[in-house]
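Since every read-out is calculated from the coordinates, none of them should be taken as a lab result. A quick note: this is a predicted structure, and the numbers were derived from the prediction, not measured.
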Amino acid sequence: MALYDLADETVLLPSQLVMDTSLLLAMRTGDDNPHAEAAQSFLRRVSERISSYQMIAWLPIPVLQECYHIILANGLRNIWQNMAGTSRPANWLKMYKDHPELLDTCMSAVDRFRQLIAAIPLTPVRPEDLASGATDEPLEDRLHYFVSAYRLLPQDALILAETERLGVTGVATLDRDWQRVTDFDIYTCSLD
């Protein structure tokens, strides 16, 4: 398969594409990813193709889970960092475990993110979508394969395994680790 520069507007888009966490998080206003502007432009192109029924952009549940985790953990870290030193717990996770209600203050960021992805719109991957994949190997075996073959962390390997199960051959990401993947077309930035 191949690497494609998602910042290049002449790159043809496939009929189906799986979206990765880093790309979706870059949609948020003020995101610090250096490729956020290119990601936003790319996602506008994707949205136009979806609107004209030329494309499906898939949202695997592991991607959604990872996005939510990052948004909520960052919100909790900010609360923790702004606490007075004498009343601040040892770390943000301890603070959350002792006061889970603090998560409520971070939910507005999750809600804003949900509005962003709904505007594209992305199609959530359902378990039944994964049933008719390109391989008969158990999902956990494919997860292990992608971890060992490409030295990916398990969350990324799981996203690839689900992509394969969908029968989709392309993933859009800003994560440089994915540039090592040769079993799929990877749409990304910084192809250096």
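With angles folded into 0 to 90 degrees, how steeply does helix 36-51 sit against the dominant principal axis of the chain? Use alpha carbons for both and round to 10. The angle comes out near 60 degrees.
Dividing the mean sequence gap of close Cα pairs (under 8 Å, 6+ apart) by how many residues the chain holds gives a relative contact order of 34 percent.
Using only alpha-carbon positions in segment 3-188, the gyration tensor eigenvalues give semi-axes of 31, 20, 15 Å once each is multiplied by 5 and square-rooted (largest first).
Whole-Hz Karplus values for segment 4-11 come out as 10, 7, 5, 7, 7, 6, 8, 5 Hz, taken residue by residue from phi with 6.51 cos²θ - 1.76 cosθ + 1.60 and θ = phi - 60°; glycine and proline positions read x.
3J(HN,Hα) along segment 98-113: 7, 9, x, 5, 5, 4, 4, 6, 9, 5, 5, 5, 5, 4, 4, 5 Hz, from the Karplus curve 6.51 cos²θ - 1.76 cosθ + 1.60 with θ = phi - 60°, whole Hz, x for Gly and Pro.
Karplus-derived 3J(HN,Hα) values for segment 79-93, using 6.51 cos²θ - 1.76 cosθ + 1.60 with θ = phi - 60°, are 4, 4, 5, 8, 6, 4, x, 6, 9, 7, x, 4, 7, 5, 5 Hz; glycine and proline are entered as x. Database remark: amide H of Y4 closer than 5 angstrom to the amide H of I186, Y187, T188 (H placed geometrically; neighbours at sequence offset of 5 or more, or on other chains; Pro and chain starts carry no H). In this structure the amide hydrogen of V18, modeled in the peptide plane, comes within under 5 Å of the amide hydrogens of W58, G170, V171, A172, none closer than 5 places in sequence on its chain.
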